[in-house]
Amino acid sequence: MFMGTSVLSLRIDHELLERLREHAAKRGMSVQDYVVRTLIRDDFDERFQSAVDETEKFYGLT
């Protein structure tokens, strides 16, 4: 499996960019790193919740 990088360009308003800068600065990160880590975390949370849901279905808990 190839794990290269790609470019994603976003157009966001000034207010959102400033909020992202503040959140990133609090963590000592660049805005780019902050956004990427947030997307990765959200993706993990979504996949983890799907696994929990499937497990509960399997055991008849839902």
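The values are calculated or read from the model by the stated rules, or taken from the named source; none is laboratory data. Values in this document were obtained by computation on a predicted structure and should not be read as measured data. All Cβ positions, even for glycine, are placed from backbone atoms using ideal geometry, and neighbour counts span all protein chains on display. SASA here: full protein model, heavy atoms, side chains in, ligands and nucleic acids out. Shrake-Rupley method; radii C 1.70, N 1.55, O 1.52, S 1.80 Å.
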CD proxy, 222 nm, the chain: helix-only mean residue ellipticity via -39,500 (n - 2.57) per DSSP H run with n ≥ 4, per residue, nearest 500, stands at -23000 deg cm²/dmol
Measure off, as a whole percent, the carbon and sulfur share of the 1.4 Å-probe accessible area of the chain, all protein chains present.
-> 55
Whats the longest run of the chain with zero trypsin sites (Lys or Arg not before Pro) that are DSSP loop and have at most 13 other Cβ atoms within 10 Å?
-> 28-62
Per residue accessible area of the chain, 1.4 Å probe, in Å² = 98
Once both axes come from the Cα atoms, what is the angle between helix 14-26 and the longest principal axis of the chain, in degrees from 0 to 90, rounded to 10?
-> 80
On Cα atoms only, tilt of 31-58 relative to the major axis of the chain in degrees = 10
Filter the chymotrypsin sites (Phe, Trp or Tyr not before Pro) in the chain to those in DSSP coil with at most 15 other Cβ atoms within 10 Å of their Cβ, and list the result.
-> 2, 59
Sort largest first and round to whole Å: the equivalent ellipsoid semi-axes of the chain, each the square root of five times a Cα gyration tensor eigenvalue.
-> 32, 16, 11
